[in-house]
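Taking it in order: structure first as structure tokens, then the write-up.
The values are calculated or read from the model by the stated rules, or taken from the named source; none is laboratory data. Just so it is clear, the structure is predicted and the values come from calculations on it, not from any experiment. Here the Cβ is made from the backbone with ideal geometry for all residues, glycine too, and neighbour counts use every protein chain on show. Only protein heavy atoms, including side chains, enter the accessible area calculation; ligands, DNA and RNA are left aside. Shrake-Rupley method; radii C 1.70, N 1.55, O 1.52, S 1.80 Å.
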Amino acid sequence: MLWLLVLVLVCVCGGEAAPAADEVKFLPGLQKQPSFRQFSGYLTVADGKHLHYWLVESQHDPAADPLVLWLNGGPGCSSLDGLLTEHGPFLIQDDGMSLDYNPYSWNMIANVLYLESPVGVGFSYSDNQNYTTNDTEVSMNNFLALKEFLRLFPEFKKNELFLTGESYAGIYIPTLAERVMEDDSLNLQGVAVGNGMSSYEMNDNSLVFFAYYHGLLGSRLWAELQTFCCKDGKCDFFNNHNHNCSNSLAEVQYIVYSSGLNMYNLYAPCPGGHRPEISSDGRQLVIRDLGNSFINHQWSQLFNQKLRGMASLYQRVRLDPPLHQLHPSTLYLNDPYVKAALHISPKALDWVICSSEVNLKYGRLYMDVKKQYLKLLYAETYRILVYNGDVDMACNFMGDEWFVESLDQEVEVKRRPWTYTDRDGQQVGGFVKEFNNIAFLTVKGSGHMVPSDKPIAAFAMFSRFIKKQPY
């Protein structure tokens, strides 16, 4: 009987199942606890870095359904925002205490792993409290975290693996995929990036066209931009040293920031009804936004840093952190009962949507990720999707479409509408153009966070992507 007991203990404790200590048994805020399993804990990587993860198992067939990694961007923004406000199984309500089930959750058909990366973001922390990092270090730590996750959850090793994310994850995902594709133990099947930063130059150049085509600039300013920033039919709004061009671009920036627009969804009100405040002393641009928790951490910095012609006007950017405590997710995740349910370490910082410390200390090493995409495409085995909400100004659809076109892949399906069905019948979801192993897809009427703005369309797109169906 003793040998039988030993055998049982080996089977239970021998690493053949998820870590029991990380299972979330009771999640506050839900009227009814979920039927699927979920886990929250830490993945320890190099040099005492601890990345917080939250896994929600598939509501369909966890053993057979794909494993999908999701990363939000920033850099410095938490992937738990993706879980609680975009495509997670439960969505945070305005009271900051209650959760409602999401009928269009991506875990309806997949095991979704939300990773808070890099350290210093959300509940992820470092033993030495050093939160200076860069693109290369983050891609390595994300790779190590994924390997550690599969060590802890060996039951998912054979499942199809997809790497997904949005915004600055346009850098995170392809640089991570470059490492993952070289590891034969990982069953990588594809990558998907939503409203991603693929190329600073194309993103900045296309934004000015986007702003003009959407009626923001006016004919006088557009004529000046054409005169001072364009030559022989080609415009350079990214690295133009013409003083008059710089002045015109400064006016573009002033319009984008001072008019009260929501740059993450042109046709939506600014969150909270707050208008961004702009002040300038001639050398330093100060941007405050009381209602949007992302604006200070991504686009304001990208626009100022990378439109180099404006360097003479603005030497550096100071990003004032927004009032995070007003955000429902912040209230919920800092509740002590929620933190206990999620097994959050006492060493973790208070949760905020985006970390200004990580953002301001972050080293951006890649001006584009063309090399990474071409490496994936040359393998001819991975399914790649680049999708954009078409009214986002932070990472606009035109820049990403230019980027995909620049990869020079053979067109398989010409640009056409794609459709999905809701309670009103069949709807045009946007437009799609398919190349060899990569597709570019727009989501009509959506801003930067596609699953938040268009949850039904986003779920249809995601389902076709992981099931390798036509869009």
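Listed by first and then second residue, the pairs with beta-carbon distance under 8 Å, at least 6 apart or on different chains, first residue in the stretch 401-423 and among the aromatic types (Phe, Trp, Tyr), second open to solvent by 90 Å² or more (accessible area, probe 1.4 Å), are Tyr420/Gln426. Restricting attention to the stretch 335-354, the residues that are in contact (Cβ under 8 Å) with a residue 60 or more places away in the chain and more than 17 Å from Tyr53 (Cβ to Cβ) add up to 5.
Looking at this structure, is Glu57 in contact with a Lys or Arg (Cβ under 7 Å, 6 or more places away or on another chain) and not polar (S, T, N, Q)? Criteria met by Glu57.
Residue-wise test of (1) crowded, with 18+ Cβ neighbours inside 10 Å; (2) more than 25 Å from Phe143 (Cα to Cα); (3) modelled with pLDDT of 95 or more.
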| site | (1), (2), (3) |
| --- | --- |
| Gly14 | no, no, no |
| Asp22 | yes, no, yes |
| Phe26 | no, yes, yes |
| Gly48 | no, no, no |
| Leu55 | yes, no, yes |
| His60 | no, yes, yes |
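Of the helices (runs of 4 or more DSSP H) lying entirely inside the stretch 160-260, those containing at least 2 residues that are surrounded by fewer than 22 Cβ atoms within 10 Å (Cβ to Cβ) and of a type in the set (Ser, Thr, Tyr) span 200-213, 219-229, 243-258.
Restricting attention to the stretch 409-423, does a residue exist that is within 22 Å of the chain's Cα centre (by Cα), under 25 Å from Phe209 (Cβ atoms) and not β-branched (Val, Ile, Thr)? Looking through the stretch 409-423, none of the residues is within 22 Å of the chain's Cα centre (by Cα), under 25 Å from Phe209 (Cβ atoms) and not β-branched (Val, Ile, Thr). There is at least one residue in the stretch 334-356 that is assigned to a helix (DSSP H, G or I), under 30 Å from Arg179 (Cα atoms) and open to solvent by less than 70 Å² (accessible area, probe 1.4 Å). Of the residues in the stretch 121-133, not one is more than 24 Å from Ser463 (Cα to Cα), in contact (Cβ under 8 Å) with a residue 12 or more places away in the chain and in a helix (DSSP H, G or I).
Which ones in the stretch 40-62 are within 15 Å of Ala340 (Cβ to Cβ) and not hydroxyl-bearing (Ser, Thr, Tyr)? Hits for the stretch 40-62 are Gly41, His52, Trp54. Residue check: is Val391 surrounded by 17 or more Cβ atoms within 10 Å (Cβ to Cβ), within 19 Å of the chain's Cα centre (by Cα), part of a helix (DSSP H, G or I) and β-branched (Val, Ile, Thr)? No; evaluated as a whole, the condition is false for this residue.
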